[in-house]
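First up is the structure itself, then whatever we jot down about it.
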Amino acid sequence: MTVDETFADMQAVLGHLVPEFELRAKAGLAVEINQLKAEHNAVILGHNYMEPTLFHSVPDFKGDSLELSRKAAETDKDVIVFCGVRFMAETAKILSPEKTVLLPAKVAGCSLAASITADDVRQLKARYPGVPVVTYINTYADVKAETDICCTSSNARAVVESLNTDSIIFLPDEFLAKNVARETGKHIIFPTKTPKTDDEIEYELIGWHGRCEVHEKFTVEDIDNARRQFPDVLVLAHPECPPDVVEASDYSGSTTAMVNYVQDHDSPRFLILTECSMADNILAENPGKELLRMCSIRCPHMNEITMEETRDSLKYTQYVIDVPEDIRVRARASVDRMLAIGAPVASAD
Ligand code: SF4
């Protein structure tokens, strides 16, 4: 496609959101990226949190992280460019070891994934011998490798219930664990470094104090303010939000579940409590709906991924994501055990 054709396509979707001069510049970049993509036999994955001009121009697949990695694994492409953060690119590598996986930014971390190490998990397993470990997909490969089974925000409850056991170590998201505990009626404790307390003898879920630095910032006051101004607003909160926020919302679900919810409901306006770019991306595809969003709260890691970085990742084959084979195999087993329970996996963040 030419730059003019690409610009016309982007304007049709984003014209009401993005200034024309920016769209023209981004259309030129999109053409460059798409040429490089063809030359390198690459597939580009766009996470829901990517900025709108990138999200609506170059990805072959768009959506949640695990869903994207699974789709890329089914292609015959040699290269995967993951427009998302590092733990997501690692998941793509776990599922596609024969492909070259590129992350367009050198770091693109995540406060939640960084909250726990493989050694932390080993210490927890030593402290609670025989207790199964459930780990959220938003973790690094070496943490997944220490895990019995992974979960996503969509299937966390189903995974916990599938284990049919009194005690479960649930890592690392504190709020997701509390939300699952509330839904399943389970007691939750958070271990300290001191010897076990009486409380821990009757534990059911053992959590960890990891948090997403975006979702932890939303408050019930944000919801109250929106409802005061717009009594008909429907409020959607990601399950990584604090439990009182999830309880005060009309709906809680993964990013893909939120996209579907907006498309399937007729309310004139929605308040979306997740990364701001996702609300822009939903708005782009649902121009008749009003989406309230709090763009003062953005994920700095997701925002490291730009169209320029995406172009350069293909041009210079950077930054290559490698996962040691022994870790990859064990991490893959944790993902496969989750898939085997058959619950919907629309993922994490
Ligand atoms: S939005 Fe939260 S969970 Fe997602 S990458 Fe950013 S910090 Fe991590």
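The values are calculated or read from the model by the stated rules, or taken from the named source; none is laboratory data. Values in this document were obtained by computation on a predicted structure and should not be read as measured data. Every residue, glycine as well, gets a Cβ built from its backbone with ideal geometry; the counts of neighbours run over all protein chains shown. Just so you know, the surface numbers come from the protein's heavy atoms only, side chains and all, with ligands and any DNA or RNA stripped out. Shrake-Rupley method; radii C 1.70, N 1.55, O 1.52, S 1.80 Å.
So is Asp224 acidic (Asp, Glu) and closer than 19 Å to Ser252 by Cα or not? The answer is yes for Asp224.
The single condition among (1) more than 18 Å from Ile116 (Cα to Cα); (2) surrounded by 15 or more Cβ atoms within 10 Å (Cβ to Cβ); (3) over 23 Å from the mean Cα position of the chain (by Cα) that Ile189 does not satisfy is (1). The residues of the range 159-216 that are of a type in the set (Asp, Glu), under 16 Å from Pro129 (Cα atoms) and free of Cβ contacts under 8 Å to residues at least 12 places away in the same chain amount to a single one, Glu200. Regarding the range 101-113, can at least one residue be identified that is open to solvent by 10 Å² or more (accessible area, probe 1.4 Å), without any contact (Cβ under 8 Å) to a residue 12 or more places away in the chain and not small (Gly, Ala, Ser)? Looking through the range 101-113, none of the residues is open to solvent by 10 Å² or more (accessible area, probe 1.4 Å), without any contact (Cβ under 8 Å) to a residue 12 or more places away in the chain and not small (Gly, Ala, Ser). Scoring Asn225 on the criteria (1) surrounded by 15 or more Cβ atoms within 10 Å (Cβ to Cβ); (2) assigned by TED's automatic domain parsing to the domain that holds Leu271; (3) of a type outside the set (Ser, Thr, Tyr) leaves a single failure, condition (1). With the checklist (1) polar (S, T, N, Q); (2) farther than 20 Å from Ala177 by Cβ; (3) within 16 Å of the ligand (Cβ to nearest atom) in hand, flag the one item Thr152 doesn't pass. Status for Thr152: all satisfied but (2).
Against the definition (open to solvent by 10 Å² or more (accessible area, probe 1.4 Å) and either under 18 Å from the mean Cα position of the chain (by Cα) or closer than 13 Å to Val323 by Cβ (or both)), how does Glu98 come out, yes or no? So Glu98 fits the description; yes. Within the option set Glu67, Glu32, being open to solvent by 20 Å² or more (accessible area, probe 1.4 Å) and within 26 Å of Ala333 (Cβ to Cβ) holds for one residue only, Glu67. For the range 291-312, check the following and say yes or no: at least one residue is farther than 16 Å from Thr53 by Cα, open to solvent by 70 Å² or more (accessible area, probe 1.4 Å) and away from the ligand (no atom under 16 Å from the Cβ). No, that holds for no residue. Screening the range 121-140 for residues that are out of contact with any strand residue (DSSP E or B) (no Cβ under 8 Å at 6 or more places or on another chain) and either over 14 Å from Lys196 (Cβ atoms) or of a type in the set (D, E, K, R) (or both) and picking the one that is surrounded by the most Cβ atoms within 10 Å (Cβ to Cβ) gives Tyr140. Candidates are the residues of the range 204-234 that are touching a Phe, Trp or Tyr at 6+ places or on another chain (Cβ under 9 Å), within 16 Å of the ligand (Cβ to nearest atom) and outside any loop (DSSP other than H, G, I, E, B); the one that is nearest to Tyr136 (Cα to Cα) is Gly210. Considering the range 313-323, and only residues there that are open to solvent by less than 50 Å² (accessible area, probe 1.4 Å) and either away from the ligand (no atom under 16 Å from the Cβ) or within 25 Å of Gln11 (Cα to Cα) (or both), the residue that is nearest to the chain's Cα centre (by Cα) turns out to be Val323.
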